[in-house]
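The values are calculated or read from the model by the stated rules, or taken from the named source; none is laboratory data. Computed from a predicted model, the values in this text were never measured in an experiment. In this analysis, Cβ positions are derived from the backbone assuming ideal geometry, glycine residues included, and neighbour counts consider all displayed protein chains.
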Amino acid sequence: MKTKEAVVFKIAWNACIKCGACVAVCPQEAGFTSEFDTIAEHAACDIACMFCETVCPVSAITHKMLAAEVE
Amino acid sequence: MPDSSSTITMPEYDLVVIGSGPAGATTARFAAANGARVLLVDKKQELGAPIQCSGAVSHNALEQAGVYPSPEFIHDAIYGFAIYNGKGEKKIIDYRKLKPDEYGTKEGTIPLGYVVDRRRFDRYLATQAERAGAEIWLKTAATGFRVMENGSCEVDLLKFNEPVTIRAKVIVGADGVQSQVGKWAGLKTHIKLSELASCLQFVVDGVETAGLLEIVTGNEWAPGGYAWVFPKGHGYAEIGLGVTRTMCTENAQEYLDRFIKQSFFKERFKNCRILEIQGGGVPLAAPLKIQYADNIVLVGDAARHVNSITGGGIHTALSSGKIAGEFLAQLILSGKPATKTNLKGYQDNWLKAMGNNMWKLYRVKRAIFDTVDVVKRDEQLYATMSGYFSTDSEYKKI
Ligand SMILES: Cc1cc2nc3c(=O)[nH]c(=O)nc-3n(C[C@H](O)[C@H](O)[C@H](O)COP(=O)(O)OP(=O)(O)OC[C@H]3O[C@@H](n4cnc5c(N)ncnc54)[C@H](O)[C@@H]3O)c2cc1C
Ligand code: SF4
């Protein structure tokens, strides 16, 4: 799914196998990462290409629209 | 009064290598062995873990990098390949039969390759680097760097959560497929979604193997990739696959489940029990066009040194680590500054030794995966894989 609005990702830690594929495919600047080799949960993503969600072998990544988070 | 204590005590090295996988540990070993002062850092507490690799590597690759095939890290010996098309027809390339005087279990013959335990293998390579004179810090993440006026740089590390800054002339980004070091230097390291295979694998009990790496091609089982069954030693096997997500609608986990339950191997896999779950991303991409910047070089997965036909990256990581380590030690000892212009020599050496061939493989891969007709694409992949592993393959060196 492609969206133009900024999103915030959430990792299902129970499913994540800490493989780093999401980081490898992420077009963000350096540092858009978590402590556990995944893309960041703490910051909003304004590119919202969703490559990380798509590449994840176990579909551990979901997102919410930033606007919805802020409300 | 300015606080000068930190500058006085700041540790200084010629080289800081970020990441102690096969690429980083090998770079550190060859640089240290050739006289450079080397610091090797890795953010992990246990190298190689969690495993993101199947561990297949040729005897030749280890030998070229001066790595003795030790039982410390070998799960199983490999003597050849079985390549399958999507229907289950196969081509067996067993070097025990094709070259019985060279490969086998008899006295005077050797295995063609091995399946290694990446936890033990990466630890072994780090030990080798340490014995060659490199210093190693685990639980140490590199977080950034600054170039200083004198041409060297300061590198920020987080060691057991304590910020530490060190000085180094060159930074080696050996930080794997998720490399951030390249991004620090403004290098174009981003991998396209269409060029990162999404992989999942299970180490299982209850599946027999016969000293062969089994590779299953075919869009039905693994679009834009392949499935595999590897021997893992002690009666275990590994079943895995990688898919290109722009060529399919489901994730790797669903494809793996289908491969186990519905493929021509379903009877063979009927009683398999899953003992470990691993995965990762394999760049089936071209090597980076530029793998160096002022004070920085990239090696291994960080520079996309991956064979884009097989997805193998251990051999290329070891080889490029050797090239980088030798080159950098020489540059440093010559007293020349680590400018972009001077570091280009590393990439030139790498292109000559293996890079040009890796580019060639990438073009072959592109031609296959760009074929729109699925039947033709499947035929091409099956033929290319069979040819790649044959005795007269032109790519034996990578
Ligand atoms: C599922 C799967 C199966 C594979 N199977 C095979 C196979 O059978 N044969 C084969 O040849 N290849 C295989 N590969 C590819 C192979 O695993 C890689 O090519 C290889 O590991 C690359 O080595 P490397 O040293 O470049 O990087 P890595 O092995 O990824 O090492 C990078 C290191 O850098 C560290 N690091 C990262 N960032 C930092 C930081 N900021 N600070 C400190 N440390 C950091 C990491 O902790 C890690 O230890 C497979 C890959 C996958 C995903
Ligand atoms: S791709 Fe998925 S499984 Fe892999 S590290 Fe990212 S969230 Fe975890």
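Within the set B:Lys188, B:Lys169, B:Lys183, the sole residue that is under 27 Å from A:Ser59 (Cα atoms), basic (Lys, Arg) and more than 8 Å from every other protein chain (Cβ to nearest Cβ) turns out to be B:Lys188. Selection within segment A:39-61: residues that are within 16 Å of ligand 1 (Cβ to nearest atom) and either outside any loop (DSSP other than H, G, I, E, B) or facing chain B (nearest Cβ under 9 Å) (or both). The member of this set that is farthest from B:Ala303 (Cα to Cα) is A:Val58. When B:Glu220, B:Glu195, B:Glu208 are checked against the criterion of being more than 30 Å from B:Lys336 (Cα to Cα) and buried (at least 20 other Cβ atoms within 10 Å of the Cβ), a single residue qualifies: B:Glu195. When each of B:Ala23, B:Ala82 is tested for being in the same structural domain as B:Val155 (by TED's automatic domain parsing) and under 30 Å from B:Thr384 (Cα atoms), the lone residue that passes is B:Ala23. Residues in segment B:229-247 that are more than 13 Å from ligand 1 (Cβ to nearest atom) and either surrounded by fewer than 23 Cβ atoms within 10 Å (Cβ to Cβ) or not charged (D, E, K, R) (or both): B:Gly233, B:His234, B:Gly235, B:Tyr236, B:Ala237, B:Thr244, B:Thr246, B:Met247. If you go through segment B:54-74 and keep only what is of a type in the set (Val, Ile, Thr) and in contact with a Ser or Thr (Cβ under 9 Å, 6 or more places away or on another chain), you end up with just B:Val67. For segment B:210-235, taking the residues that are under 18 Å from B:Cys272 (Cα atoms) and free of Cβ contacts under 8 Å to residues at least 40 places away in the same chain, the one that is nearest to ligand 2 (Cβ to nearest atom) is identified as B:Ala227.
Selection within segment A:18-38: residues that are surrounded by fewer than 18 Cβ atoms within 10 Å (Cβ to Cβ) and free of Cβ contacts under 8 Å to residues at least 12 places away in the same chain. The member of this set that is farthest from ligand 1 (Cβ to nearest atom) is A:Glu29. Does at least one position in segment B:308-316 carry a residue that is buried (at least 16 other Cβ atoms within 10 Å of the Cβ), within 16 Å of ligand 1 (Cβ to nearest atom), aliphatic (A, V, I, L, M) and away from chain A (no Cβ under 14 Å)? Checked segment B:308-316: at least one residue is buried (at least 16 other Cβ atoms within 10 Å of the Cβ), within 16 Å of ligand 1 (Cβ to nearest atom), aliphatic (A, V, I, L, M) and away from chain A (no Cβ under 14 Å).
In the list B:Ile18, B:Ile78, B:Ile74, which residue meets the criterion of being in contact with a Gly (Cβ under 9 Å, 6 or more places away or on another chain), more than 16 Å from ligand 2 (Cβ to nearest atom) and within 14 Å of chain A (Cβ to nearest Cβ)?
Details: B:Ile78 fails: within 14 Å of chain A (Cβ to nearest Cβ); B:Ile74 fails: within 14 Å of chain A (Cβ to nearest Cβ).
None of the other options fit; the residue is B:Ile18.
Each residue in segment B:248-307 was checked for being surrounded by fewer than 21 Cβ atoms within 10 Å (Cβ to Cβ), of a type in the set (Asp, Glu) and assigned to a helix (DSSP H, G or I), and 2 of them qualify. Considering segment B:235-286 alone, what residues qualify as being aromatic (Phe, Trp, Tyr) and within 14 Å of chain A (Cβ to nearest Cβ)? If the condition is that a residue be aromatic (Phe, Trp, Tyr) and within 14 Å of chain A (Cβ to nearest Cβ), then B:Tyr255, B:Phe259 are the ones that fit.
Selection of strands (runs of 3 or more DSSP E) fully inside segment B:175-243 by the criterion of at least 3 residues being more than 18 Å from B:Gln52 (Cβ to Cβ) returns B:212-216, B:226-233.
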